[in-house]
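Worksheet for the structure shown next.
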Amino acid sequence: MLISTNWLKKFVNIPASITPEKLAELLTLSTVEVEEVRSQGALLNNVVVGKVLKLEDHPNADKLKLAVVGIGTKKEKVVCGGVNLKKGMLVAFAKVGAKVKWHGEGEPVVLEKAKIRGIESSGMICSASELELENIFPQESEYHIINLSDVKKLKIGKSLASALSLDDTIIEIENKSLTNRPDLWSHYGLAREVAALTGAKLKPQTSNLKHPTSKKDKLIVEIKDNQKCPRYLGVVVSNIKIEPSPMWLAKQLEAVGVRPINNIVDITNYVLMELGQPLHAFDYNNIKNHKIIVRTAKRGEKIKTLDDQIRTLDSDDLLIADSEAPVALAGVMGGANSEINDSTKKIIIESANFEASGIRRTETRTGLRSEASIRFEKALPPELAEEGINRALELILELIPSAKITSSIIDAGTYKPKKNVITLNLDYLNRLVGEDIAPQKVIQILESLGFKTSAINDKQLTISIPPFRATRDITIEEDLIEEVARIYGYENLKPEMPHVKLTPPKTNTERKLERQIKNILTTGFSFQEVENYAYIDPKIVTHFGFKQTDLIELENPISPEQSHLRPSLLINLAKNIKDNLRYINEFKLFEIGRVFINAKLRKECETTKMRNKFNTDLSNKEFLPCQDKFLSGVIVGNNVFEEIKSAIENLSQEIDIDIQLVPTKVKVHWAEWERLLEIKSNNKTLGYVSELCPSLRTALKLASQVGVFELNFTELANLPKQKTTEFTELPIYPSVTRDVAIIVSQGNMYSDIAEAINAVSPLIVEVELFDVYTGKNITAGQRSLAFHITFRAPDRTLEAKEVDKIFEKVVSKLEEKFKAKLRD
């Protein structure tokens, strides 16, 4: 938004010590963001008022003239091609060194002496476009030069900027910094801020208009949606003469970037820029039955707006209509069918208040934004509509002496003034700001901004909020404190470090352990970490022992293949295995992440002792799903069971948490039950270690062996660290290893067999299953199990005879207890 400092000075006497640059700095520090400060006449340096003293044809060119131009005490000879140039004419003369736009195009260039068709030319007689003045001096073509002869009281040789009063300074404000301040979208609103910042007095905005009582011309206003239009004012003005605006008005609008059109349109734009209230003028004779109807559009209804575009409307759009058709898109743009023109003699002035959110929706849907809609969408106060129409009528009567108000001012709608009062606690203000501001200073600041104050006691004030700040801006006590602080000056607040008691943050043991485990698995055990989405395809969960009814379904899934939350990390890890097997045959992966368990599945988990605590009542249907973190890993390759088991054992030592791997008979759907180990600690079941069972590998089309571990990371993080680490010397005597392969019934668990072998003698220190075989030469219902049996004595070297006797006892024990047969 562009702000004219000359316009501001009509409302506030800015101290001479405050330059436009200083004013911009004050506004930036306290109110809005200023992007640029520029002089309106910057392009008019070295441009003066000149008079054509002599004019003759160019000897070498038919369309050029030789002119002698008087510029005060000097005369300059120039070559000019202006088609309207005449002797005695007052012109805009650019001296050598001035900047001009050549034929009104491109960037300004510095003017130099030049020879044109052999004749030296010292300067230029300018057209409006060459000085960027075409809005003030409309030109018929680029060859028509500015004619200043009709401008009164011009002095030959005087600076053109000064002669035309183009000595304004323009402050450009970033619109986004005004979003929450509807009162600042006008010069009067900014003048109020300037007065508060500089201590100057704000001139009151008063109206001398006597409210008309004439009912000569009929005007009816009907509002069908009072929420979207709480207030609508309209009045008829007759004996209008449409003509160009006087120069002062055109120049004032031009200064803030508004193109002058005609006196009526310019007056509505002037009020918009001065007070911030959008207005619209209808041709009275184009409004059927002289009735204004404010209504919502019918879906698909069309209107041709002033930009000559036909727009299709939605039922949410608000219209201004007559008894037959729409005549304006309310708060956005007028309609072409009610536009005023040169023959208009009678007009209706509209000044209304529209719902901000409705205007915003219409803007967004149609892609049409105007100066009016930009202000309406910020929530203007309904009181402003009355001020706007009064100011417009004053200007019309001033600029068009023949104009008469020929109807009463219609004020329709359900709007009623509201009192907005907030109690301000001064102690709270000082505590929040961090500075002791005297009560009188607080009152002075607030009253300079238009608030009314009254004291409740020494510590509290009652603040009445003015309408122009009450729509969405000032609603709570903290808003008032901000007003005081910014006008007092943030730069005046003494920076002081707050007294804060420093306490060490509580250690997040779960996060610390997670990072430790990730580091161990990746750097120590050569695992690669994966991070999968928490979503799964419900079609594959049955392979892992889940039913679709056990899953938690998303309301708005990304795709059907990602429509449910995962109950296990292994589901997505299986997909990672398939993807990686296309490129490599051996690898290790792990993931730490949350799984989501519903009520039924949680009950099952509690039964199997995988989870030992729940934070919600299972009888409550509104509970959140259990979201414990799990740690799962896979090893793909050969001898995977021993490697995955070793990884868990070594991880336990590295994180200093006592974990045991215990044979179990619990059924785990994904596991090879002969090699299933339960991960336990402190009698809690944390998870399982095994291989993927053949049926699951077949279903997932995985040819390679896959070792798997899965454990509850949340439970693991809550386990105590081992208090002491005891040193155990390495054995000083060698061990002896014997292998035994036996054929047993498939109903016998290998863990039971290993336990029986260990019980034979204390000299047996380790029993390790290294092969399981079913197939050729093995009777149906039986299988072959092969074990490494390690013997060692702590105090001597074992002799072969001693080991043989123990081995024979092992064989006898297996034959007796498990009906085992030695395999050749």
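The values are calculated or read from the model by the stated rules, or taken from the named source; none is laboratory data. If you're wondering where the values come from, they're calculated on a predicted model, not measured in any experiment. All Cβ positions, glycine included, derive from the backbone under ideal geometry; neighbour counts span all protein chains shown. Quick note on the areas: whole protein, heavy atoms, side chains included, nothing else; ligands and nucleic acids left out. Shrake-Rupley method; radii C 1.70, N 1.55, O 1.52, S 1.80 Å.
Mind listing just one residue for me: the one in the stretch 662-697 that is under 49 Å from the mean Cα position of the chain (by Cα) and open to solvent by 60 Å² or more (accessible area, probe 1.4 Å) and, of those, nearest to ILE584 (Cα to Cα)?
Looking at residues that are under 49 Å from the mean Cα position of the chain (by Cα) and open to solvent by 60 Å² or more (accessible area, probe 1.4 Å), I get HIS669.
Restricting attention to the stretch 35-83, which residues are closer than 30 Å to ASP168 by Cβ, among the polar types (S, T, N, Q) and surrounded by fewer than 19 Cβ atoms within 10 Å (Cβ to Cβ)?
Initially, the stretch 35-83 is screened for residues closer than 30 Å to ASP168 by Cβ, giving 35-52, 69-74, 76, 78, 80, 82.
Narrowing the set further to residues that are among the polar types (S, T, N, Q) leaves 39-40, 45-46, 73.
Scanning the stretch 35-83 gives SER39, ASN45, ASN46, THR73.
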Would you mention how many residues in the stretch 576-597 are open to solvent by 50 Å² or more (accessible area, probe 1.4 Å), basic (Lys, Arg) and touching a residue at least 24 places away in the same chain (Cβ under 8 Å)? 2
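Which one of GLU496, GLU529 is surrounded by fewer than 17 Cβ atoms within 10 Å (Cβ to Cβ) and modelled with pLDDT of 90 or more?
Values: GLU496 fails: modelled with pLDDT of 90 or more.
Answer to the selection: GLU529.
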Would you check which residues across the stretch 285-313 are open to solvent by 60 Å² or more (accessible area, probe 1.4 Å) and over 38 Å from the mean Cα position of the chain (by Cα) and list them? ASN285, LYS288, ASN289
Filtered residues of the stretch 499-509 (kept if surrounded by 10 or more Cβ atoms within 10 Å (Cβ to Cβ) and under 33 Å from the mean Cα position of the chain (by Cα)): ASN508
Hand me the list of strands (runs of 3 or more DSSP E) wholly inside the stretch 103-176 holding 1 or more residues that are among the polar types (S, T, N, Q). 119-121, 169-173
Pick from the stretch 765-817 the residues that are in a strand (DSSP E or B) and of a type in the set (Gly, Ala, Ser): which of them is farthest from LEU730 (Cα to Cα)? SER784
Tell me, yes or no, whether the stretch 699-710 has at least one residue that is out of contact with any strand residue (DSSP E or B) (no Cβ under 7 Å at 6 or more places or on another chain), outside any loop (DSSP other than H, G, I, E, B), assigned by TED's automatic domain parsing to the domain that holds LEU677 and under 27 Å from PHE544 (Cβ atoms). yes
Identify, from the list ILE474, ILE465, ILE487, the residue that is more than 30 Å from PHE630 (Cα to Cα), of a type in the set (A, V, I, L, M, F, W, C) and in contact with a Phe, Trp or Tyr (Cβ under 7 Å, 6 or more places away or on another chain). ILE465
Out of the residues in the stretch 469-485 that are touching a Leu at 6+ places or on another chain (Cβ under 7 Å) and part of a helix (DSSP H, G or I), which is most open to solvent (accessible area, probe 1.4 Å)? GLU477
Among residues of the stretch 439-468, those that are open to solvent by 80 Å² or more (accessible area, probe 1.4 Å) and β-branched (Val, Ile, Thr), counted: 1
Evaluate the following for LYS680: is it in a strand (DSSP E or B) and within 18 Å of PHE630 (Cα to Cα)? yes
Of the residues ALA780, ALA754, which is in contact (Cβ under 8 Å) with a residue 24 or more places away in the chain and either open to solvent by 60 Å² or more (accessible area, probe 1.4 Å) or within 19 Å of ASN639 (Cβ to Cβ) (or both)? ALA754
